[in-house]
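To start, the structure itself, in structure tokens.
The values are calculated or read from the model by the stated rules, or taken from the named source; none is laboratory data. Source: prediction; values computed, not measured. So basically every Cβ, Gly included, is an ideal-geometry build from the backbone, and we count neighbours across all protein chains shown. Side chains included, ligands, DNA and RNA excluded: accessible areas come from the protein's heavy atoms. Shrake-Rupley method; radii C 1.70, N 1.55, O 1.52, S 1.80 Å.
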Amino acid sequence: MIEQSAVIYSPSTVADNAYVGHFSIVGHPRRIPPRSDATTDRIPWEASTGAHVAHHAVISSYCQIDDGSVIEAAVWMGSRCRVGHESRIRTGAQLYYSCQVYDRVDVGEGAVVAGFVCNDVRIGQKAQVFGTLVHRLVDAPPEGADPHPGESEPAPVVEEQAVVGVGAVVIGGVTVGRGAYIAAGAVLTKDAEPNTLYRGVPATAVGPAPSPFRRPT
């Protein structure tokens, strides 16, 4: 079902038994980077390549899914979520209210995301991200690239069944190991070992991850 107020850009597809809520957008086009010689009448958007919403997915109201992205089966998106360009939200994943997932992100099956996720992040199966995943924002972009700092830098990787707690920040091209737990409010700037609890600023290992989140060995 597609609510009448939703906008579906061609050639996007929405499965018959999926739901797209009020004022949501599927297939939002890319913005053309500004140039110094741009005129005021220049069209600021490229033509949409379409996005795809699979069966039994639920896209709540005021969501935006950018072109090139795929929402797989049984995904649930809460109100006011955004998924950027060329991202994939895999089967059964959940995006909570107002979360921001940017370009070329891969969210694994059954994962939960409720925070801010920068470009090129990989989130494993059944991982839970309630905090922020960001680039270090120190490297210059390649010559000729869209001038947004940090986009050429490595992005964080969150392996399966890991947890990034509320208000925690993972910075740069680090890996949160399988079953690791980054405590609420921690700031992680180096790799986190599997099945290990990290807390503090900067985050340091303080023992095994809480038992509900440890991956059985």
Could you please give the count of residues in the range 1-26 that are under 10 Å from Val53 (Cα atoms), within 21 Å of the chain's Cα centre (by Cα) and surrounded by fewer than 21 Cβ atoms within 10 Å (Cβ to Cβ)?
2
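Of Glu159, Glu193, which residue is farther than 18 Å from Val112 by Cα and out of contact with any helix residue (DSSP H, G or I) (no Cβ under 9 Å at 6 or more places or on another chain)? Don't jump to the end; show me each part of the working.
Values: Glu159 fails: farther than 18 Å from Val112 by Cα.
From the options Glu159, Glu193, the qualifying one is Glu193.
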Filtering the range 53-67 down to residues that are open to solvent by 30 Å² or more (accessible area, probe 1.4 Å) and within 16 Å of the chain's Cα centre (by Cα) yields Gln64
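Restricting attention to the range 102-125, does a residue exist that is of a type in the set (Ser, Thr, Tyr) and on the phi > 0 side of the Ramachandran plot? Spell out the reasoning first.
First, the residues of the range 102-125 that are of a type in the set (Ser, Thr, Tyr): 102.
If we keep only those that are on the phi > 0 side of the Ramachandran plot too, we end up with none.
No - not one qualifying residue is present in the range 102-125.
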Looking only at the range 101-127, count how many residues are out of contact with any Gly (no Cβ under 8 Å at 6 or more places or on another chain) and within 24 Å of Ala18 (Cα to Cα).
5
Got at least one residue in the range 33-49 being open to solvent by 30 Å² or more (accessible area, probe 1.4 Å), part of a strand (DSSP E or B) and either modelled with pLDDT of 95 or more or among the polar types (S, T, N, Q) (or both)?
no
So which residues in the range 80-97 are open to solvent by 10 Å² or more (accessible area, probe 1.4 Å), under 20 Å from Pro29 (Cα atoms) and either without any contact (Cβ under 8 Å) to a residue 12 or more places away in the chain or not in a strand (DSSP E or B) (or both), if there are any at all?
Arg80, His85, Glu86
